[in-house]
Amino acid sequence: MGSVWKIVLSFVLIVMLTAVGMMITSANADAAAAGDYMEEVSAVIRESNYNQMVIEQCKKEAVENGYDMHVEVYERQAYGQCSYAKIILRYPYRLPVFRAEVWKKKERII
């Protein structure tokens, strides 16, 4: 009878560890998707020469994708006009089994 309980307990532990592993993999996939989105937005904003209308459109798309994006454009007048921007993308990092959602952020200067 004792070996039956060991088998049941082992099976339950295997199922729990598999669920936690899948959850962590899913959360890392969300983080990778946010990173890919950050790359795409950075390229679009840089290629538009930091156009405010393009930045606003990117912010709207970020909200539609479940992200929160903030863009600050800076102008440097040292050797002619030189612009750069700081992009902050906040994204949800979800662990559904624990019902946890933490907002993480990625920052990039372009």
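If you run the Gaussian network model on the chain, springs between alpha carbon atoms under 10 Å, then out of 73, 15, 54 the most flexible one is 15. Computed from point charges on the beta carbon alone (+1 for Lys and Arg, -1 for Asp and Glu), the dipole magnitude for the chain about its Cα centre is near 460 Debye.
Proximity of backbone amide H atoms, modeled 1.01 Å from N, is registered between residue 51 and no other residue at under 5 Å, excluding neighbours fewer than 5 places apart on the same chain.
Near residue 86, within a Cβ-to-Cβ distance under 9 Å, what is the net charge of the other residues, with Lys and Arg +1 and Asp and Glu -1?
Details: positive: 108; negative: 72, 107.
With Lys, Arg at +1 and Asp, Glu at -1, the net is -1.
Might you tell me the accessible area per residue for the chain, computed with a 1.4 Å probe and given in Å²?
On the way: 7930 Å² over 110 residues.
On a per-residue basis, the chain sits at 72 Å².
Each residue of the stretch 62-70 was assigned a 3J(HN,Hα) from its phi angle through the Karplus curve 6.51 cos²θ - 1.76 cosθ + 1.60 (θ = phi - 60°); the sequence is 5, 5, 4, 8, x, 10, 10, 10, 10 Hz, with glycine and proline shown as x. In this calculation the C-beta distance from residue 30 to residue 56 is compared with R0 = 30 Å, giving a FRET efficiency of 0.75.
Were the residues from residue 63 through residue 104 laid out at 0.36 nm apart, the gain over their Cα-Cα distance would be 13.3 nm. When log10 I(q)/I(0) by the Debye sum over Cα atoms at q = 0.10, 0.13, 0.14 Å⁻¹ is calculated directly from the model, which label among [x] -0.34, -0.58, -0.68; [y] -0.59, -0.69, -0.73; [z] -0.45, -0.61, -0.66 fits? Given [x] -0.34, -0.58, -0.68; [y] -0.59, -0.69, -0.73; [z] -0.45, -0.61, -0.66, the structure-derived one carries the label [z]. For residue 23 and residue 49, a Förster radius of 35 Å and the Cβ-Cβ distance give a FRET efficiency of 0.25, rounded to the nearest 0.05. Rounded to the nearest 0.05, what FRET efficiency do residue 6 and residue 94 have when you use their Cβ-Cβ distance and R0 = 30 Å? Working from the Cβ atoms, E equals 0.30. Phi angles across the stretch 27-35 convert, under the Karplus curve 6.51 cos²θ - 1.76 cosθ + 1.60 with θ = phi - 60°, into 3J(HN,Hα) values of 5, 5, 5, 4, 5, 5, 5, 5, x Hz, Gly and Pro given as x. Residue by residue, the stretch 104-109 carries 3J(HN,Hα) couplings of 10, 9, 10, 10, 8, 10 Hz when phi is fed to the Karplus relation 6.51 cos²θ - 1.76 cosθ + 1.60 (θ = phi - 60°); x denotes Gly or Pro. Number of Lys-Lys pairs in the chain with C-alpha atoms under 23 Å apart and a separation of 8 or more places or on different chains: 11. Between amide H atoms placed 1.01 Å from N, distances below 5 Å from residue 93 occur with 102, 103, 104, all of them 5 or more places distant or on a separate chain.
The values are calculated or read from the model by the stated rules, or taken from the named source; none is laboratory data. Fair warning: this is a prediction, and the values are worked out from it, not measured in the lab. Neighbour counts are summed over all protein chains in view; Cβ atoms, including those assigned to glycine, are modelled from backbone coordinates with ideal geometry. Accessible surface is based on the protein model in full, side chains and every heavy atom, while ligands, DNA and RNA are left aside. Shrake-Rupley method; radii C 1.70, N 1.55, O 1.52, S 1.80 Å.
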